[in-house]
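Report on the structure given below.
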Amino acid sequence: MPATLCSLFPASVRRSLAGALILAAMMMVAAGLLGAPLATHWPGLAYWCAATLLWPGLANRNRTQALVLLLVGGACLAWSAGQGAEVDPARLVAGNSGLLSMLVAVSFLSLVSRPHTGDDERAPQGRRALASTLAAVHLFGSVINLSSVFIIGDRLARRGSVTREQALALIRSFTAAAFWSPFFGAMAVSLSVAPEARLATLWLVSMPLALCSLLLTGWQLGRRQAHGENAPVAEFTGYPLQAGGLLLPGLLAAAVLALHQWQPQLSILAVITLLAPALTLLILAIRRQRPLAAVRGLVNDRLPQMGNELALFLAAGVLGYGLETLFASLGGSLPLTQFGAVEASATYLASVLLALLGIHPIICISLAGAVLMPLAPDHTLLALVFLSSWAVGTATGPLSGINLAFQGRYGLDSFSIMRWNLGYAAVMSALVVVGIFVLAALTGLA
């Protein structure tokens, strides 16, 4: 729908219609996973229509990125078709429908898992405050994603901003969830490229890496303040983590693993798409809240906020398909014969470097997936590379969504955030490379 046609409808109507289309697309994908005979291009078409309705409200940066991805992907497809390659229109429309459906399903969790924001509890201070803030953002962020950062950040903010140390604690603890959380966008993107990844094996390495990230952040911030470079760590104001905050993340992670073990033919992506909405509606019913009213609020509020994600992921799907087709047209040859620990480490380091240059991780993942798939890589090792590059790259990249959001919301320059995180990125990258070699040994690739 052209922008001129979009302008015929009020913004509120476009947003509500887009929200309804997004929900309908997710339900169609879920129905297909349960065996309904639905063609995959129908939910894809619904997502494309929703993205078009939301297009006028997107940030200029996101529109530019999406257009570049569409143009590059379209050019690759056009050249490949000219060389005689077959282009499947249904697959092109379906794009990243499975990935987007998982993200939509995860958005349901925001209806039942939100950090406490009351002012009746005095904000803690000191080293325990730093530790509780890191844990709270990490756990809530692993379930309800970016909204948790701003719920907690807004409570910590004074005069509209947060301190440097608070910002680093919030950003790093949130992005560290990308190492392991099955409800994170990073996991959705990674599993869409490496669907055969074994989550239990992956967690043996990725969860310790997430813990290392939190410990490193706590040590760096505490050491910096202890040396008097900023206010002493005793004056760090943080967010209290309550015992109840541990329940839902743990329950959800256990439920994902249990359902995947029970129905191994379902991918982790499919398990989360089915489980998250069902578990949310069950919890709402147990709490005697009104599920229909909650879902209506989700359709009118949260889902239309996914316009940026829709545009980026749909465009990335076109890019990924275009690169895959182009690579096949060129013969699919690489100067590599295997994908082991060395190749995985090089891929990770290249992805982080591109993140520092402002390239979004989903672009790196799409490119790497198209280039590396002819090598038949181990999907678990590939997923670790993708998750790690997302976790470290988004914390450090000056144009990552979270760093730009902190710039807009709290007035912190995103390039300053990048400089503050360079030492963290260097140490974490060394640990990630060690983790890659450990996982390669566990999977027999070393």
- [ ] Identify which of the listed values of log10 I(q)/I(0) by the Debye sum over Cα atoms at q = 0.07, 0.11 Å⁻¹ was calculated from the structure shown: [x] -0.48, -1.02; [y] -0.34, -0.87; [z] -0.41, -1.01.
- [x] [y]
- [ ] Taking all pairs of distinct Cα atoms, average 1/r, flip it, and tell me the Kirkwood hydrodynamic radius of segment 17-87 in Å to one decimal place.
- [x] 14.2 Å
- [ ] Using a 10 Å Cβ count of at most 15 others and DSSP loop calls, identify the longest part of the chain lacking such GluC sites (Glu not before Pro).
- [x] 230-446
Task: Leading residue at positive end of dipole, the chain (Cβ point charges), from GLY98, THR52, ALA188 - done: THR52
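How big is the dipole moment of the chain about its Cα centre under a simple scheme where the beta carbon of each Lys and Arg is +1, that of each Asp and Glu is -1, and everything else is neutral? Debye, nearest 20, please.
Values: 24 positive and 16 negative charges, 236 e Å.
Charge dipole, the chain, about its Cα centre: 1140 debye, nearest 20.
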- [ ] Take each uninterrupted DSSP H stretch in the chain, measure its Cα extent along the helix axis, and return the ones at 18 Å or beyond whose mean Kyte-Doolittle hydropathy is at least -1.0.
- [x] 11-33, 41-54, 60-82, 127-144, 199-226, 247-262, 268-286, 307-329, 341-356, 379-396, 414-442
- [ ] Evaluate the relative contact order of the chain (contact order divided by residue number), counting alpha-carbon pairs under 8 angstrom at least 6 apart; express in whole percent.
- [x] 24 percent
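Laboratory data are not the source of any read-out in this text; all were calculated from the coordinates shown. Please read all numbers here as calculations on a predicted model, not as lab measurements. As a convention, Cβ positions derive from the backbone with ideal geometry for all residues, glycine included, and neighbour counts pool all protein chains shown.
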